[in-house]
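Here the structure comes first, spelled out in C-alpha cells, and everything after it is commentary.
The values are calculated or read from the model by the stated rules, or taken from the named source; none is laboratory data. Predicted model, so just to flag it, every value in this text is computed and none were measured. Cβ sites come from the backbone with ideal geometry, for glycine too, and all protein chains shown count toward neighbours. We work out accessible area using only protein heavy atoms, side chains counted, and drop any ligands, DNA or RNA first. Shrake-Rupley method; radii C 1.70, N 1.55, O 1.52, S 1.80 Å.
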Amino acid sequence: MSAKPEPWQTAEIAGPKKALVITKPEIAAAMIKRAKRSILVVGYLSTKTDKDTGKMIDYAIRLNKAAGIPIVATAHTIQEFVKKGFEQATQMNAMDIGNRLKDPTWKGLDGKGPYDVALFMGLPYYMEFVILSGLKHFSTNLKTISLDRYYNPHATWSFPNLKVEDWNQSFETMISKLGGN
Amino acid sequence: MVKKGLVVKAKELKTDVALVKNLELSIGKIIDDTWDEPMGPTPFPSMTDLRDWDFKLLQRYKPFYLPYCDVCCLCTFGKCDLSGDKRGACGLNMAAQQSRIVLLACCIGAATHIAHGRHLIDHLIEKYGRRIPLDSGGLNIDVEAPVTRLVVGVKPETLQDLEEVLDWCEEQVTSCLSSAHTGQEGNNIDFESKAFHVGMADQVGMEVADLAQISVLNLPKADPEAPLVELGFGVADVKKPTILVIGHNVPSSVGIIDYLTKKKMLGKVEVVGICCTAHDLTRYEPSAKIVGPISWQLKYIRSGLADLIVVDEQCIRADTLEEAQKVKTPVIASSPKNCLGLKNRTNDLAKELVDDLVEAKVPGVLILDPDKAGEVAVEAAIAVAPKRKRFNIIPDLEAIKAAGEACGGCNECIRACPNNQPIPEAMKAAALGDLDPLATILGECVGCARCDSACPKDFSLHSFMIKAGEEKLWEEKFMMRSGRGSISDVEIRNVGGPIVLGEIPGVIAIVGCSNYPEGGEAVAEIAEEFAKRRFIVVLSGCAAMSVATVKDEEGKSLYEKYPGGFEAGGILNVGSCVSNSHIAGAAIKIASIFAKRNLRANYEEIADYIHNRVGAVGLAWGAYSQKAAAIASGFWRLGVPVVVGPHGSKYRRMLLGRADKKEDWYVYDARTGDRVYVGPAPEHLFTTAESKEEAIVMLMKLCMRPNDTTKGRSMKLTHYIDSHKRYFGVMPDDVHLFIRNKMDIPITMKPEILKILEEKGWKETRIPDPTLLKRMIRKRG
C-alpha cells in the first residue's frame, strides 16, 4: 500500500481543500498535546479484530489514558468499551456528535466549552468521509484528525493509506509520545 | 369529485331560430362534488402553501450538511469552490448548494414515480377505458386514496379522476425542479421546503399508481392473507424456459402472464422477477417467482438462467444488454424511459420479432406495446431455451485459481468496493484453491461489480464470487407474502387508539433498496426484533424481499411465522415502491378514522397530528436511489422520522434535533394554549444508523411522541431501555428527557430510574394535547 495521499475509496475525490498527511505519528501526538480541548470519536469498526492485530478500540482506550481525551462511542461501540472495563465513554450517534461538533456554542460532553480538535477512528470510511466534510465546511475553529488506516481527505489531518503493521506502529509511537504505555 | 372534461357534439341541431351544424361544445372541467367533507385550507397546494409548516419542522430539525466535495459544477460559471464560507459565481453558498442537491434528488425520485403512474394510467385507460371504478379494498375500505384526499382534496372514484391528480403532481415536480436552476432559489431552508413539497407530491404519485394497478389488474386488496410466493435464486425450475423481468412498471410482465394464460401455457414457462416489478408480477400472478432484490441482477444474468430478459423501468443495470449478450440471452426493452439503444420494433409483426431474437440477428428489441412484448417474450423464450442450454459465463475452479495466482494484489478492487470487502485476500486464498473467502464476500456483496471494472487484469471478480457461492445460491428458496396493498379501515379502527395512546409501541416501516453495508440478513433481524416486541412492522420493496431470506429452524420465513395484518406483532408487505404510499396512508387514516379529523386538503393539521401522536418511524437500511430520497422526503413533511443505513449518509444532509437544547422541544397545549416542554420526541427527522444494533435502539427511541399516555410511554421506554442495555450494554443517558411524570417510569426499572432522575435534577412536566400549530388551540380569549 502506498503512503501517497490518495483517498482509499478511489472515487471519493475531495478538494480543492484536502487533508494534510500525517507523515509521522509524532505530528499527531504534538497536535493532541497542543489542543486545548480534544475529543475522540470511535466507531464500531474499531471493535472488529484485524487479522494481524488486536482491536483498534484498545488503542482508543490507551489514547484516553495517555492524553485524557474524552471518548464518544458511536453506535454499539460502547458495549465493547464497557466489556473492557472502560466506562468513561459517552454513547452518541455519529451524526449527532458531528452536528454538535459543528456548533461553536456547544459546551461539550462536560459542559466546559467547545472542542478545538476532534479525532476520528473506526467509522465506515464513506460515513466518516461525509461527516468530516460537514465539519470541514460548517464548523468554526475545529481541526479534525482521521486516525484510520486510510487517507480520508476531508479531515484537516489524516494518516495516509497504511499497511496494518505501520498503522499499529503509528499508534504505538503516538501513545508513547503522549506519555502513555 | 372533479371530472376532467365534458365534450358535447351534435352533427345537426334544429331550433326555432336556427339550424346549427357540426356543433362541438367543450367544457374544461365540471365539478360533481358528492363528497360532503368540507374543503380544507390547501387544495392542490402550491410550492409555498405549506412553507410555514416546513419551517416549523426545520426550526426544530436543522439540516446538517455533508458535502461530497467542495465544488459546484452545475453551470458554466463553474466549477466553483464553495469550501468554507466561499460563495459561487452565482452567489450560492455551500449550505444552499447541498440543499439544492437534496432537492434535485427528490425531484428525480418524484418524477420517476409520477411518470410511472402516468404511464400506467395512460396504458390502463387505453386498454380498459376511463370509467373503471377504483377499488383498493372493497367494503373494507371507505377512505380510499387517503394521501390524495389529504394533499389535493380530491376523492377519486374512477381511473379518469386520477389524471387531474397526476397533472398536479407533474406541475409540482416541474416547479420545484425549476427552482434549482442557477439564479433561482438561494436559501437553503427554502430549498429544503421545496424538497418536502416534491416529496409530498411523490407520495400522491405513488398512491395514484398503486391504486390504479390494484383496481384494474385486481392485485391483492388490503389482504392480510395475500398469497405466499416463492423467492430466491434457486426457485425457478431450470428445465423450463425462463423469462426474467427486471424493473418496476408491471404492464409488460402482465402481458407475459396474459399471453401464457391465453395460450394455456401458464406453468410451462418460468416467469421470474427482480426488484419491484417482481413484487407486482406476483401480486398479479402468484405462481410467478421472485429472484431477489436489485443486487441479484448480475448474479442471475451471468449464471445464464434467463432465456430472455424483459426490462421495464427504474433500478435496472445500464449494462443489462451487454451482460445479456455475453450469455446469449435476448433482451426486450419495454419502456420509453429505458430503450437501451435498441431499435423501436413496436409496429413490427410479433413473428418477425421472435425470429430475429431467436436467430440472434439482434441482441434485443424495443417493444412499447406491453401485450406484444408479452407475446414476443414467451414465444422467443420457448424457442431460445433449447439453443442456449443455460449458457453462462461463470468460470470454473481452475480459471479462478489461475486468476488468483496471477493477481498482483494491487488493491484496485477493494478500493472500488463500496463495502471495502477484502477481495485481494480472497484472491490469494483462491490461488491456493480455497474459495471460501470469495463465497463469504458474496454474502455481503451489493452486486455492483465495481471490482470487475477496476481490475487492471480484467478479471471477472464478481463472477468468481458467484462460482464460489453457487452452492448456497442454489439453496436460496424462501417464501414471501405477496404485496397486500393498502391498510383496511377495519384494521385502522382496531389499532388507531392503541397506536395514538402509545400502547402499541410503534409502527416500523422498513423500506427501500438493497445497498446494505453487511448483507440483507440484518433487515430480517431488525424486523423480527420489532415483531417480537409487538410493534407493527410494515415492509415494501427490496427490503420486503430481504426479510424473506432468513429461515428459522423449522425452515419458515418471517412471513410464515408472523401475521400479515396491520396489528401488533404483524409483519406485512404492502408491495412495491409505489405501495409505500399505503404506509403514509395508514398514518393519515389513523387521524381520519380514529380521531375523526377532516382529511380533505387539510395537510398541515394532519401532519401535526401524526408528528405529535403517531409513533411511526421509517427505516431504509439499504437506501441508494433518488426515489428513496423522495419517499423519505414525503415522510419528513408528514413529521415521520426516517433512519437510513450507513450508505444513506451519502444523501448529503441529515435533519437532526438537539436533545440538549430544551427550548427546541416545546409544543402548544391545544386545551390551554400553554407552551409545554415535551422532551425530544421524536429526536430526529432524518439520521443515519451506523450498525443494525444502533438502528434497533434508535427506532425504539424515535417511536416516542408527546401524546403518549403514561401507560404507552412506560411501554415505549421499556423497549428503549431494554434494547439499549442489550445492544449497548448500558443504561441510556437521556432517559430523564422522556419521563414526564413518575407514572411514565417502567415499574420493573423504577428504583434505577428514580436514582437517575434525582442525579439529573429532573422535574415533572405535564402531558399536553400537543400541537405545533397555534391555530389549533381551542381556548379563546
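Annotations
- Qualifying residue in the stretch B:175-188 (condition: open to solvent by less than 10 Å² (accessible area, probe 1.4 Å) and of a type in the set (D, E, K, R)): no
- Among all residues of the stretch B:258-271, there is none that is open to solvent by less than 10 Å² (accessible area, probe 1.4 Å), assigned to a helix (DSSP H, G or I) and over 20 Å from B:P227 (Cβ atoms).
- Considering only residues in the stretch B:383-392 that are touching an Asp or Glu at 6+ places or on another chain (Cβ under 9 Å) and in contact (Cβ under 8 Å) with a residue 60 or more places away in the chain, the one that is most open to solvent (accessible area, probe 1.4 Å) turns out to be B:R390.
- Checking each residue in the stretch B:201-239 for being open to solvent by 10 Å² or more (accessible area, probe 1.4 Å), polar (S, T, N, Q) and either outside any helix (DSSP H, G or I) or under 19 Å from B:A543 (Cα atoms) (or both) picks out only B:N218.
- The stretch B:81-92, residues that are without any contact (Cβ under 8 Å) to a residue 60 or more places away in the chain and either over 19 Å from A:V130 (Cα atoms) or open to solvent by 40 Å² or more (accessible area, probe 1.4 Å) (or both): B:D81, B:D85, B:K86, B:R87, B:G88, B:A89
- Tally, over the stretch B:443-490, of residues that are touching a Gly at 6+ places or on another chain (Cβ under 6 Å), open to solvent by less than 30 Å² (accessible area, probe 1.4 Å) and in a helix (DSSP H, G or I): 0
- Sole exception among (1) open to solvent by less than 30 Å² (accessible area, probe 1.4 Å); (2) within 29 Å of the chain's Cα centre (by Cα); (3) within 21 Å of A:L123 (Cβ to Cβ) for B:F728, by number: (2)
- Test result for B:V523, β-branched (V, I, T), under 29 Å from B:H611 (Cβ atoms) and touching a Phe, Trp or Tyr at 6+ places or on another chain (Cβ under 8 Å): yes
- Hits in the stretch B:61-74 - residues which are surrounded by 15 or more Cβ atoms within 10 Å (Cβ to Cβ), away from chain A (no Cβ under 11 Å) and in a loop (DSSP other than H, G, I, E, B): B:L74
- With respect to the conditions (1) outside any loop (DSSP other than H, G, I, E, B); (2) more than 10 Å from every other protein chain (Cβ to nearest Cβ); (3) buried (at least 23 other Cβ atoms within 10 Å of the Cβ), B:A681 lacks only one, and its number is (1).
- Cβ pairs under 7 Å, 6+ apart, first in the stretch B:156-173 and touching a residue at least 60 places away in the same chain (Cβ under 8 Å) and more than 16 Å from B:I108 (Cα to Cα), second open to solvent by less than 20 Å² (accessible area, probe 1.4 Å) and among the polar types (S, T, N, Q): B:P156/B:T148
Residue-wise test of (1) acidic (D, E); (2) in contact with a Gly (Cβ under 8 Å, 6 or more places away or on another chain).
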| position | (1), (2) |
| --- | --- |
| B:Q172 | no, no |
| B:A180 | no, no |
| B:E185 | yes, no |
| B:F191 | no, no |
| B:V208 | no, yes |
| B:S215 | no, no |
| B:L219 | no, yes |
| B:D223 | yes, yes |
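- Test result for B:D355, free of Cβ contacts under 8 Å to residues at least 24 places away in the same chain, outside any loop (DSSP other than H, G, I, E, B), under 24 Å from B:T261 (Cα atoms) and open to solvent by 40 Å² or more (accessible area, probe 1.4 Å): yes
- Test: residue in the stretch B:210-226 that is touching a strand residue (DSSP E or B) at 6+ places or on another chain (Cβ under 8 Å) and of a type in the set (A, V, I, L, M, F, W, C): yes
- Any hit, the stretch B:658-677, residues being of a type outside the set (A, V, I, L, M), in contact with a helix residue (DSSP H, G or I) (Cβ under 9 Å, 6 or more places away or on another chain), touching a residue at least 40 places away in the same chain (Cβ under 8 Å) and at the interface with chain A (Cβ under 9 Å from one of its Cβ atoms): yes
To keep it simple, each residue is scored yes or no on (1) outside the structural domain of B:E521 (by TED's automatic domain parsing); (2) crowded, with 19+ Cβ neighbours inside 10 Å; (3) of a type in the set (D, E).
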residue	(1), (2), (3)
B:G374	yes, yes, no
B:A403	yes, yes, no
B:G409	yes, no, no
B:C413	yes, yes, no
B:D434	yes, no, yes
B:A439	yes, yes, no
